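Trainee: Take a look at this one; I'll ask things after.
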Amino acid sequence: MGEQQVDGDLLLKLTEAELKEELQMKSSLTRKRFLRELTELKAYASYATCDPSNLADWLGSIDPRFRQYTYPLVNCGISRSNLPNVTEQHLNDDCGIETGFHRVQILNAAKDLLQPALPCDTSEPSQEGPDVFISYRRLTGSQLASLLKVHLQLHGYTVFIDVEKLEAGKFEDKLIQSVKSARNFVLVLSENALTNCMGDEEMKDWVHKEIALALSTGKNIVPVADKFQWPDPCSLPEDMRAVLKFNGIKWSHEYQEATIEKIIRFLKGRPSRDQSALAEGTAD
């Protein structure tokens, strides 16, 4: 592919015919395996730079697998605002969505965007929260956070991630309430994820705030580490040091399903807090 100068844009648009004729991938089994991996890549990818209306997560709310259709829809100029005007022919001919039932599901969901908002309910608001709140450092952890969200949704979990949910109102109030209402707190420990927390005695850093709140409210905290090294406990504010006592799960890109299964075991109530965790280096 390097010889053919296949960049990220072309990779997301590749068809089986192009794999066979242009890239000389003659084995049908090899093409099928490649397309399967490509479909997974499309479903888990972050489209933040090209998807201003966040079609990816709207599609994922219909079915997590539908995130694979984000790029062709965005390339056709489709956004949430004009989705209700899209027809099945557009989805088939212009966007290349070949599965008819998928087109029907997308169109039915698009019709809901035209429905007026329901009158405000003055009764006691529901205290039901998401199964999982994902905390992450945007600079280095956004891709893994998005990937974990899709994986967990595929396993039936409801997931909160601030990049898609906090669209209006007071950011701080909404974020605090989201942490409090979630049953589990997944902490993405990417490279330098806790660097800005060091010496943050005034709690100006958002990751610090989220961790301290999760600890004070007794959430089931599950750290997931990727290229992360634990800092000296003394460098962190006292109100968040206890997070170092939780067993960390090392993320494996090669064995994603096995890693997700381990995360799910922790989410199902198996204790993740362990005084020996830091010493054993389980999240190095």
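The values are calculated or read from the model by the stated rules, or taken from the named source; none is laboratory data. Quantities reported herein were computed from a predicted structural model and do not represent experimental measurements. Glycine gets a Cβ as well: all are built from the backbone with ideal geometry, and neighbour counts include every protein chain shown. Surface areas here come from the heavy atoms of the whole protein model, side chains and all, with no ligands, DNA or RNA. Shrake-Rupley method; radii C 1.70, N 1.55, O 1.52, S 1.80 Å.
Trainee: Expressed in nm to one decimal, what extension gain is obtained for the pair Glu16 and Lys268 from 0.36 nm per residue of sequence separation less their Cα-Cα distance?
Mentor: Additional length available on full extension: 86.7 nm.
Trainee: Once you list every other residue whose beta carbon is under 13 Å from the beta carbon of Asn192, what net charge do they have if Lys and Arg are +1 and Asp and Glu are -1?
Mentor: 0
Trainee: Which FRET efficiency value, to the nearest 0.05, do you get for Lys204 and Thr49 by plugging their Cβ-Cβ distance into 1/(1 + (r/R0)^6) with R0 = 30 Å? Let's see the in-between values first.
Mentor: Details: r = 27 Å, r/R0 = 0.90.
For R0 = 30 Å, the calculated efficiency reads 0.65.
Trainee: For the range 248-255, just list the computed ³J(HN,Hα) in residue order, Karplus coefficients 6.51, -1.76 and 1.60, θ = phi - 60°, integers in Hz, with x standing in for Gly and Pro.
Mentor: x, 9, 7, 6, 10, 5, 6, 10
Trainee: Give me the net charge of His253's neighbourhood, meaning all other residues with Cβ under 13 Å from the Cβ of His253; Lys, Arg count +1, Asp, Glu -1.
Mentor: Residues close to His253 contribute a combined charge of -3.
Trainee: Between Ser190 and residues 5 or more places away or on another chain, which pairs have amide H atoms under 5 Å apart, with H built 1.01 Å from N, and which residues are they?
Mentor: Arg137, Asp226
Trainee: How far apart, in nm, are the 7 Å Cα→Cβ label points at Arg80 and His253?
Mentor: 3.0 nm
Trainee: What are the ³J(HN,Hα) values, in whole Hz, obtained from phi via the Karplus relation 6.51 cos²θ - 1.76 cosθ + 1.60 with θ = phi - 60°, for each residue of the range 143-154 in sequence order, with x given for Gly and Pro?
Mentor: Calculated HN-Hα couplings, in order: 5, 5, 4, 5, 5, 4, 4, 5, 4, 5, 5, 5 Hz.
Trainee: Taking the Cα centroid of the range 236-257 and of the range 11-79, what is the distance between the two, rounded to the nearest whole Å?
Mentor: One Cα centre to the other: 31 Å.
Trainee: Applying 1/(1 + (r/R0)^6) with R0 = 30 Å to the Cβ-Cβ distance of Glu98 and Thr30, what FRET efficiency is obtained, to the nearest 0.05?
Mentor: Computed FRET efficiency for Glu98 and Thr30: 0.90.
Trainee: Given a 1.4 Å probe and heavy atoms of the protein chains only, how would you sort Met25, Met198, Met240, Met203, largest accessible area at the top?
Mentor: From most exposed to least exposed: Met198, Met203, Met25, Met240.
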